[in-house]
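Report on the structure given below.
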Amino acid sequence: MAGDANARLFVAVPMTDEARRAVQFHLRAAAPEGLPGRPVAADNWHLTLRFLGSSTAQQRRGMADALAAAELGPSFRIRFGGLGAFPRPRSARVVWMGITEGVERLQELARIAEQAARENGYGAEEKPYRPHLTLSRIQPNRDVGRLVESVPALELEMPVREVVIYQSHLGGGPARYEAVERFPLS
């Protein structure tokens, strides 16, 4: 980010390679025809805690300092569940995989990221935080009710050991996400 006057940033929990492979295998088996819309590349999968958007180098440093100073707590485990859709399955813009365990800890990390964001000049997040793994984006909206109902819950556990500030690199093909700051959980 050294030469970037503004960078597009977000704070997230990274996927482990094992979880990434397990989700890919599950989706291939349960939805062999694939997901509707533009599937998110598996290499880009993560659990967003706070989208920051266009950010100055000073804001990035402030976010990094705030997250480094925060009590992020111990590492923990999450469990993936079934599919869902935003805003709703009958008229979906996003297909996602839900989280059934570890939700409270993810919400706690999202609150910490939100506080750090506000302290560093970002506007307040207006939507309530719902932890999920974004799998596909759909435009125009589409009915995915049958898909959501037909894919069984994965019931996969994954350890959460760190929080990461990512930078989005857009243009010239699919988005690419680069980890620019890492914050281990205790």
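Give, as a single signed number, the net charge of other residues whose beta carbon lies under 15 Å from the beta carbon of Tyr129, with Lys and Arg counted +1 and Asp and Glu -1.
+1
Expected output is a single nm value to one decimal: the length gained when fully extending between Thr100 and Arg137, i.e. 0.36 nm times separation in residues minus the C-alpha distance. What is it?
11.1 nm
Put a dot 7 Å past each Cα toward the Cβ at Thr56 and Ala175; how far apart are the dots in nm?
2.4 nm
Would you grab the residues whose amide H sits under 5 Å from the one on Glu162? Only those 5+ places off in sequence or on another chain, please, with H modelled 1.01 Å from N.
Leu185
Which translational diffusion coefficient, to the nearest whole µm²/s, is obtained for segment 39-124 from the Stokes-Einstein equation, given a Kirkwood hydrodynamic radius over C-alpha pairs, 10 °C and 1.306 mPa s?
106 µm²/s
Once phi is turned into θ = phi - 60°, what whole-Hz ³J(HN,Hα) does the Karplus curve with 6.51, -1.76 and 1.60 give for every residue of segment 96-105, x standing for Gly and Pro?
The phi angles translate into 9, 10, x, 10, 10, 9, x, 4, 4, 5 Hz.
Within a Cβ distance under 12 Å of Trp45, other residues only, what is the Lys/Arg minus Asp/Glu net charge?
Computed value for this residue: 0.
Please list the non-local residues whose amide H lies under 5 Å from the amide H of Asp143, H modeled 1.01 Å from N, same-chain partners needing a gap of 5 or more.
For Asp143, the qualifying residues are Ala92.
Would you mind computing the Rg to Rh ratio of segment 117-186 from its alpha-carbon coordinates, Kirkwood style for Rh?
Rg/Rh: 1.01.
So what is the accessible area of the chain per residue, in Å², with the probe set to 1.4 Å?
Accessible surface, normalised per residue, equals 53 Å².
For segment 35-131, what is the relative contact order in percent, using Cα pairs closer than 8 Å and at least 6 residues apart in sequence?
Result for segment 35-131 is 31 percent.
Taking amide H atoms as placed 1.01 Å from N in the peptide plane, list the residues 5 or more away in sequence, or in a different chain, whose amide H sits under 5 Å from that of Leu135.
Residues meeting the amide H criterion: Val95, Trp96, Met97.
Between beta-carbons, use under 10 Å as the cut-off and find the net charge around Met15, counting Lys and Arg +1, Asp and Glu -1.
Counting the neighbours of Met15, the net charge comes to -1.
Taking just the alpha carbons, could you work out the radius of gyration and Dmax for the chain, both in angstroms?
16.6, 47
Between Gly102, Gly173, Gly34, which gets the highest mean-square fluctuation from a Gaussian network model of the chain, Cα cutoff 10 Å?
Looking only at Gly102, Gly173, Gly34, the largest GNM fluctuation is found for Gly173.
The values are calculated or read from the model by the stated rules, or taken from the named source; none is laboratory data. These figures come from a predicted structure and were not determined experimentally. Neighbour counts are summed over all protein chains in view; Cβ atoms, including those assigned to glycine, are modelled from backbone coordinates with ideal geometry. The accessibility values were calculated without ligands, DNA or RNA, using every heavy atom of the protein model including side chains. Shrake-Rupley method; radii C 1.70, N 1.55, O 1.52, S 1.80 Å.
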